[in-house]
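Asks: Okay, here's the structure, questions in a sec.
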Amino acid sequence: RPRVALISIGDEVVPPEAELSIGQVRDVNSFSLSALVEQSGGVPIRYGIVPDQASVLAEKARQALAADDMLLITAGSSASSRDLTSQVIDGLGAPGVLVHGVSVRPGKPTILAVCDGKPVIGLPGNPVSALVIAWLFVIPVIQGLLGVRRVAPRPSLLASLSLNVASQAGREDWIPVVLKSGLQGMLAEPVFGKSNLIFTLARADGLVRIPADATGLSAGERVEVVLL
C-alpha cells in the first residue's frame, strides 16, 4: 500500500482540538483527506501544520518525500500561499511542477507535479475544493501506485435537476446535490455554498458535473449524479 504524506500549511490553521481565535480555522483537510486516502487503499501519514515559510515547508516536504510514496500539500487561503507552495514543490526534484491551475470549480489553484519520480499534488486550502480535487486527481494516482490497471466506474444514478444551475463556459463545474424522491422519480437538489464551508459536501449525496462547454444546466434536465 502506498504511503501518502499530508502537509497542511497556513499561519491561520490550527489543530481540530484547539480553541479558535479570531482569523483562525481548524485543520479539516488533514483528516478528511486521510480518510479518502485510506478508503482508496493508501496509508495516510500526517506531518502536521506548517507555517507560511518556504524554508520550513521545504524541509518538511523533503522529509516526507524521502520516507513516503506520494505527497499532498494543502495550502492556506491566500494567493501568496499558493505561490509559496508552487515554488517549494518546484525545488523538490525534477521535473517539478507540471500544471499550476486547472479549469475546474471548485479547485482552480491545483498544482500537479512529479519530483524525482514521486507524485506531488498541491490542493486548495478550502475543504470542499480540496476534497473534490482529491476525488478527481488523488484517487487515480493512488490506484496507479497500487498497480490498478482497470478502474471500476464510480457508482451513479440518473435524476432530474430541481433548479437551474449557471456555469461559466470553459470551466468544468462539480455541483453537490441532495437526492429526493419526486413524482417523476429521483430529484437532484443543488446544495449551494462556498468552497470553504464543509457542510456543502457533508449534506450532499453526490456530485453533478457541468461540462466545460456548457453554460449551465436547466431545471428538469436529466443529470448523472456521481454518488459520494
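Asks: Exactly one condition in (1) closer than 22 Å to residue 67 by Cβ; (2) open to solvent by 10 Å² or more (accessible area, probe 1.4 Å); (3) part of a helix (DSSP H, G or I) is false for residue 135; which is it?
Replies: Answer for residue 135: the failing condition is (1).
Asks: If you don't mind, another one. Consider residue 54 against the criteria (1) open to solvent by 80 Å² or more (accessible area, probe 1.4 Å); (2) closer than 23 Å to residue 116 by Cβ; (3) not β-branched (Val, Ile, Thr): it satisfies all of them except one. Which criterion is unmet?
Replies: Residue 54 satisfies every listed condition except (1).
Asks: Pairs needed: first member in segment 1-15, among the polar types (S, T, N, Q); second member anywhere, in a strand (DSSP E or B) and open to solvent by 10 Å² or more (accessible area, probe 1.4 Å); C-beta distance under 6 Å; at least 6 residues apart or different chains.
Replies: From segment 1-15, the pairs are 8/49.
Asks: Still on this structure, I have one more. Step by step: first the residues of segment 12-22, then only those that are within 20 Å of residue 129 (Cβ to Cβ) and either out of contact with any Gly (no Cβ under 7 Å at 6 or more places or on another chain) or aromatic (Phe, Trp, Tyr) (or both), then the one that is surrounded by the fewest Cβ atoms within 10 Å (Cβ to Cβ). Which residue is that?
Replies: It comes out as 16.
Asks: Answer with yes or no whether residue 71 is open to solvent by less than 50 Å² (accessible area, probe 1.4 Å) and touching a residue at least 40 places away in the same chain (Cβ under 8 Å).
Replies: It is true that residue 71 is open to solvent by less than 50 Å² (accessible area, probe 1.4 Å) and touching a residue at least 40 places away in the same chain (Cβ under 8 Å).
Asks: Counting just the residues of segment 149-165 that are more than 20 Å from the chain's Cα centre (by Cα), in a loop (DSSP other than H, G, I, E, B) and touching a residue at least 24 places away in the same chain (Cβ under 8 Å), which one comes out surrounded by the most Cβ atoms within 10 Å (Cβ to Cβ)?
Replies: Selected residue: 162.
Asks: Filter segment 179-210 for residues that are farther than 19 Å from residue 29 by Cα, part of a loop (DSSP other than H, G, I, E, B) and not hydrophobic (A, V, I, L, M, F, W, C) and give the result.
Replies: 184, 205
Asks: Related question: Any chance segment 204-225 includes a residue that's modelled with pLDDT under 90 and either open to solvent by 20 Å² or more (accessible area, probe 1.4 Å) or within 20 Å of the chain's Cα centre (by Cα) (or both)?
Replies: No; the residues of segment 204-225 include none that is modelled with pLDDT under 90 and either open to solvent by 20 Å² or more (accessible area, probe 1.4 Å) or within 20 Å of the chain's Cα centre (by Cα) (or both).
Asks: Filter segment 56-72 for residues that are in a loop (DSSP other than H, G, I, E, B) and closer than 16 Å to residue 30 by Cβ and give the result.
Replies: 68, the sole residue that qualifies.
Asks: Tell me, which residue of segment 32-50 that is surrounded by 14 or more Cβ atoms within 10 Å (Cβ to Cβ) and within 17 Å of residue 13 (Cβ to Cβ) is nearest to the chain's Cα centre (by Cα)?
Replies: Only one residue fits best here, namely 33.
Asks: Of the conditions (1) in a strand (DSSP E or B); (2) at pLDDT 95 or above, residue 141 fails just one. Which one is it?
Replies: So residue 141 meets the others, but not (1).
The values are calculated or read from the model by the stated rules, or taken from the named source; none is laboratory data. Note that the coordinates shown come from a computational prediction; the quantities given were computed from them, not determined experimentally. Using ideal geometry, Cβ is built from the backbone for each residue, glycine included, and neighbour counts are taken over all protein chains shown. To get the accessible areas, we keep the full protein, side chains included, count just its heavy atoms, and leave off ligands, DNA and RNA. Shrake-Rupley method; radii C 1.70, N 1.55, O 1.52, S 1.80 Å.
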